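Here's the structure, in C-alpha coordinates; my notes come after.
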Amino acid sequence: MLRCGTSVGANLYEAQESVSQKEFEAKVYIALKEARESEYWLKLLYMTDYLNHDEYDSINADCTEILKLLVTITKSLRCK
(Lines give C-alpha, C1' and ligand atoms only; values in the text may rest on other atoms or scores of the structure.)
Protein backbone atom coordinates (compact mmCIF):
# COMPACT_ATOMS: atom_id res chain seq x y z
CA MET A 1 0.00 0.00 0.00
CA LEU A 2 2.78 2.39 0.88
CA ARG A 3 4.64 1.70 -2.37
CA CYS A 4 1.73 2.15 -4.78
CA GLY A 5 0.15 4.96 -2.77
CA THR A 6 3.29 7.07 -2.75
CA SER A 7 4.03 6.18 -6.37
CA VAL A 8 1.00 8.21 -7.49
CA GLY A 9 2.50 11.44 -6.20
CA ALA A 10 6.01 10.53 -7.29
CA ASN A 11 4.93 9.91 -10.89
CA LEU A 12 2.90 13.12 -11.05
CA TYR A 13 5.83 15.05 -9.60
CA GLU A 14 8.14 13.50 -12.17
CA ALA A 15 5.64 14.27 -14.97
CA GLN A 16 6.09 17.97 -14.27
CA GLU A 17 9.67 17.75 -15.51
CA SER A 18 8.95 15.66 -18.60
CA VAL A 19 11.02 16.43 -21.66
CA SER A 20 8.22 15.51 -24.05
CA GLN A 21 4.43 15.29 -24.17
CA LYS A 22 4.72 11.53 -24.62
CA GLU A 23 6.78 11.19 -21.43
CA PHE A 24 4.31 13.39 -19.54
CA GLU A 25 1.39 11.25 -20.67
CA ALA A 26 3.20 8.03 -19.73
CA LYS A 27 3.84 9.29 -16.20
CA VAL A 28 0.22 10.35 -15.73
CA TYR A 29 -1.01 6.96 -16.92
CA ILE A 30 1.38 5.22 -14.52
CA ALA A 31 0.01 7.38 -11.70
CA LEU A 32 -3.53 6.29 -12.64
CA LYS A 33 -2.52 2.63 -12.60
CA GLU A 34 -0.88 3.05 -9.20
CA ALA A 35 -4.00 4.76 -7.85
CA ARG A 36 -6.08 1.78 -9.06
CA GLU A 37 -3.66 -0.56 -7.31
CA SER A 38 -4.00 1.51 -4.14
CA GLU A 39 -7.78 1.13 -4.38
CA TYR A 40 -7.34 -2.65 -4.57
CA TRP A 41 -5.08 -2.77 -1.53
CA LEU A 42 -7.45 -0.55 0.46
CA LYS A 43 -10.33 -2.93 -0.24
CA LEU A 44 -8.18 -5.90 0.73
CA LEU A 45 -7.09 -4.22 3.97
CA TYR A 46 -10.73 -3.49 4.81
CA MET A 47 -11.95 -7.00 3.95
CA THR A 48 -9.25 -8.53 6.18
CA ASP A 49 -10.05 -6.16 9.08
CA TYR A 50 -6.78 -4.24 9.01
CA LEU A 51 -8.90 -1.12 8.53
CA ASN A 52 -12.16 -0.47 10.32
CA HIS A 53 -15.17 0.97 8.51
CA ASP A 54 -14.45 4.61 9.39
CA GLU A 55 -10.78 4.36 8.42
CA TYR A 56 -11.65 2.69 5.13
CA ASP A 57 -14.36 5.22 4.27
CA SER A 58 -12.04 8.15 4.94
CA ILE A 59 -9.06 6.82 2.98
CA ASN A 60 -11.22 5.41 0.20
CA ALA A 61 -12.95 8.78 -0.28
CA ASP A 62 -9.56 10.39 -0.85
CA CYS A 63 -8.52 7.60 -3.20
CA THR A 64 -11.77 7.97 -5.17
CA GLU A 65 -11.19 11.70 -5.60
CA ILE A 66 -7.65 11.14 -6.81
CA LEU A 67 -8.89 8.51 -9.27
CA LYS A 68 -11.57 10.89 -10.59
CA LEU A 69 -8.96 13.59 -11.17
CA LEU A 70 -6.56 11.22 -12.91
CA VAL A 71 -9.31 9.76 -15.11
CA THR A 72 -10.32 13.27 -16.16
CA ILE A 73 -6.72 14.18 -16.93
CA THR A 74 -6.11 11.02 -18.96
CA LYS A 75 -9.36 11.50 -20.89
CA SER A 76 -8.26 15.03 -21.80
CA LEU A 77 -4.89 13.67 -22.98
CA ARG A 78 -6.65 11.23 -25.32
CA CYS A 79 -8.65 14.07 -26.88
CA LYS A 80 -5.53 15.92 -28.04
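The values are calculated or read from the model by the stated rules, or taken from the named source; none is laboratory data. Please read all numbers here as calculations on a predicted model, not as lab measurements. Positions of Cβ are backbone-derived with ideal geometry, glycine not excepted, and every protein chain shown enters the neighbour counts. The area values use the complete protein model at the heavy-atom level, side chains included, leaving out ligands, DNA and RNA. Shrake-Rupley method; radii C 1.70, N 1.55, O 1.52, S 1.80 Å.
Given the Cα atoms of the range 34-80, and with Rh set as the inverse mean 1/r over their pairs in the Kirkwood sense, what is Rg to Rh to two decimals? Provide the component values of the computation, followed by the final result.
Numbers: Rg = 13.0 Å, Rh = 11.5 Å.
Radius of gyration over Kirkwood radius for the range 34-80 works out to 1.13.
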GNM flexibility winner over the chain from Glu25, Glu39, Glu17 (Cα, springs under 10 Å): Glu17
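Counting helices only, and only those DSSP H runs with n ≥ 4, report the 222 nm mean residue ellipticity of the chain as the sum of -39,500 (n - 2.57) divided by its residues, in deg cm²/dmol to the nearest 500.
Values: 3 runs with 67 residues, N = 80.
Mean residue ellipticity at 222 nm (helix-derived): -29500 deg cm²/dmol.
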What is the percent of Cα-Cα separations in the chain that go past 18 Å? 44 percent
Quick check: at a probe of 1.4 Å, how many percent of the accessible area of the chain sits on carbon and sulfur atoms? 59 percent
Lysine pairs in the chain with alpha-carbon atoms under 22 Å apart, 8 or more places apart or on different chains: how many are there? 13
Would you report the distance distribution of C-alpha pairs in the range 6-47 as whole percents per 5 angstrom bin, up to the bin with the largest distance? 6, 27, 24, 17, 12, 7, 5, 2, 0
Along the positive direction of the dipole of the chain (beta-carbon charges: Lys, Arg +1; Asp, Glu -1; about the Cα centre), which of Ala35, Cys4, Thr74 reaches farthest? Thr74
Once you charge only the Cβ atoms, +1 for Lys and Arg and -1 for Asp and Glu, what is the size of the charge dipole of the chain about its Cα centre, to the nearest 20 debye? 560 debye
